[in-house]
Amino acid sequence: MMGVAFVAALALVSCKSSESSYKKAYEKAKAQELTRSESDQVETPPVTVTPVVTTPVTQADNADNDRQERLTVMNGGTLKAFNVVCGSFSNVDNANNLRNTLVAKGYSAQVAQNPETGMYRVIASSFDDRASAVNSRNLLRSTYPDAWLLYRTY
């Protein structure tokens with residue numbers, strides 16, 4: 001009986017984990033956690049905000065972005081000579097959706113179609129002089145970066 005008790009005690013003692021084993025496992029887990037947290041940290045570049053400054057325009061200001069097209073007004077009033085286009089769509093429903101958004105923001109937006117290309121132009125504002133149209137386009141570019149000028153031909 002005594003022999004069986006001795007063997008059982010020896011078996012229990014040999015199965016016991018040592019303190020060094022716990023320490024090694026702890027250090028390994030800590031190293032993995034540190035590596036994981038370093039890889040999760042992504043450096044974000046600082047955000048630079050540039051104020052919108054309106055400056056007087058000259059006749060040559062961004063003349064390369066101007067386009068001339070013959071247009072047919074689909075809805076709204078009449079177009080003047082210089083128009084600020086915020087969107088161009090092949091689908092009239094998409095054009096009308098953008099027009100409705102602009103109207104809700106207070107613009108007198110219109111949809112006009114170029115009969116030669118079939119494209120629907122969403123015009124946010126229309127002016128008789130180019131300088132006013134350029135200033136309006138520059139203000140709209142904060143929301144619609146691809147806004148451009150269209151000179152209406154008849």
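The values are calculated or read from the model by the stated rules, or taken from the named source; none is laboratory data. None of the values given here were measured: they were computed from a predicted structure. We place every Cβ from the backbone using ideal geometry, glycine too, and count neighbours over all the protein chains shown. These area figures cover heavy atoms from the full protein model, side chains too; ligands, DNA and RNA do not enter into them. Shrake-Rupley method; radii C 1.70, N 1.55, O 1.52, S 1.80 Å.
Take the residues of the stretch 109-154 that are in a helix (DSSP H, G or I) and not small (G, A, S): which is most open to solvent (accessible area, probe 1.4 Å)?
So the first thing to find is which residues in the stretch 109-154 are in a helix (DSSP H, G or I), and the list is 130-140.
Checking the rest, the ones that are also not small (G, A, S) come to 130, 134-135, 137-140.
Details: R130: 15, V134: 0, N135: 53, R137: 0, N138: 53, L139: 95, L140: 5 Å².
Per the stated criteria, the residue is L139.
Only one of (1) of a type in the set (S, T, Y); (2) within 11 Å of L79 (Cα to Cα); (3) in contact with a helix residue (DSSP H, G or I) (Cβ under 8 Å, 6 or more places away or on another chain) fails for T153. Which number is that?
(3)
Give the residues of the stretch 69-85 that are open to solvent by less than 60 Å² (accessible area, probe 1.4 Å), out of contact with any helix residue (DSSP H, G or I) (no Cβ under 6 Å at 6 or more places or on another chain) and on the phi < 0 side of the Ramachandran plot, sorted by residue number.
Result: E69, L71, V73, N75, G77, L79, A81, N83, V85.
Limited to the stretch 86-108, what total is found for residues that are surrounded by fewer than 17 Cβ atoms within 10 Å (Cβ to Cβ) and of a type in the set (S, T, Y)?
3
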